[in-house]
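Taking it in order: structure first as structure tokens, then the write-up.
What follows is calculated from the coordinates using simple rules that are stated; it is not laboratory data. Quick caveat, the model's predicted, so the values are computed rather than measured. Glycine also receives a Cβ, built like all others from the backbone with ideal geometry; neighbour counts cover every protein chain displayed.
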């Protein structure tokens with residue numbers, strides 16, 4: 001059964017996410033225990049939750065302004081908004097995410113904000129090179145992130161990783177300062193605790209990357225559940241992968257994979273994502289999947305959206321687009 005297959009994938013992904021997030025919190029707690037005992041450890045974890053709940057949030061529109069983005073209105077992109085509204089309705093969202101246009105040749109889309117105030121940013125390259133069917137798959141993937149509260153989950157993971165790094169540096173500094181005291185008084189040092197202080201930030205960062213990959217898999221499954229069309233998103237991923245591999249690489253070494261170790265990737269291998277998507281059969285006609293009916297038609301930007309000709313480059317904001 002297709003539903004059982006999706007449910008199995010989703011349960012597996014959520015269990016992996018829960019275990020990885022729990023591992024990051026434990027890594028945050030252990031340096032706290034070493035530095036100040038159980039009370040300090042509890043205070044460290046509690047302060048992290050407090051900062052996550054009450055800390056300042058960057059308004060999505062301010063962040064997108066750094067990319068030179070501007071809002072896409074229903075007048076600019078009626079087809080896209082129709083797709084977004086239908087997908088948001090199927091996902092059970094109270095509000096349709098706002099769409100933003102990013103003037104960049106890069107084929108990319110990303111989500112910022114929170115579930116009640118989400119913004120999906122779409123680049124010029126994505127809009128001009130994908131078909132409507134492929135765009136529906138990408139939108140469904142981003143709406144899957146919103147429905148699954150992935151932005152909150154990854155913010156929590158990032159906060160835990162940063163706090164672990166800060167506590168580790170503090171602990172190492174205290175060890176160095178008190179090293180003469182340890183030597184003169186012959187006080188025993190816990191080498192296991194010192195090793196933990198040194199390795200905790202690296203392990204936490206690796207867990208954060210693994211969590212990001214798991215959430216990407218789950219967003220893919222959510223997209224299939226919303227559209228009933230795994231082929232649409234798989235086709236979009238193929239185009240994205242082609243652009244991200246250089247022209248010379250495509251011509252001279254088409255079978256060469258990225259040398260980047262899998263542990264250091266924020267996203268799973270595109271080939272692995274496509275393989276998982278294609279293992280899911282399309283939903284039967286009774287599911288009223290509207291996406292395959294879009295065919296291979298391409299999205300047409302209004303004439304006042306001039307095609308972006310400049311190549312992606314580094315900006316003073318520190319962003320690359």
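Put simply, when 198-209, 169-180 are sorted by average Cβ atoms within 10 angstrom per residue, most first, you get 198-209, 169-180.
Roughly speaking, what is the stretch gain from residue 298 to residue 61, that is 0.36 nm per residue apart minus the C-alpha to C-alpha distance, in nm to one decimal? Mind showing how you got there, number by number?
Numbers: separation 237, 0.36 × 237 = 85.32 nm, distance 2.74 nm.
My answer for the length gained is 82.6 nm.
A Förster radius of 45 Å combined with the Cβ-Cβ distance from residue 73 to residue 278 puts the calculated FRET efficiency at roughly 0.80. Descending by average beta-carbon neighbour count within 10 Å, the peptides 122-128, 77-83, 274-280 line up as 122-128, 77-83, 274-280, the highest first. Length available on full extension from residue 149 to residue 309: 0.36 nm per residue minus the Cα-Cα distance, which gives 54.1 nm.
Based on the Kirkwood radius over alpha-carbon pairs, what is the Stokes-Einstein translational diffusion coefficient of the stretch 79-206 at 10 °C with 1.306 mPa s viscosity, in µm²/s? It diffuses with D of about 88 µm²/s by this estimate. Label-to-label distance, residue 172 versus residue 82, with points set 7 angstrom from Cα along the beta-carbon direction: 5.7 nm. Applying 1/(1 + (r/R0)^6) with R0 = 25 Å to the Cβ-Cβ distance of residue 46 and residue 11 gives a FRET efficiency near 0.25. Ranked by the mean number of other Cβ atoms within 10 Å of their residues, highest first, the peptides 87-94, 98-105 come out as 98-105, 87-94.
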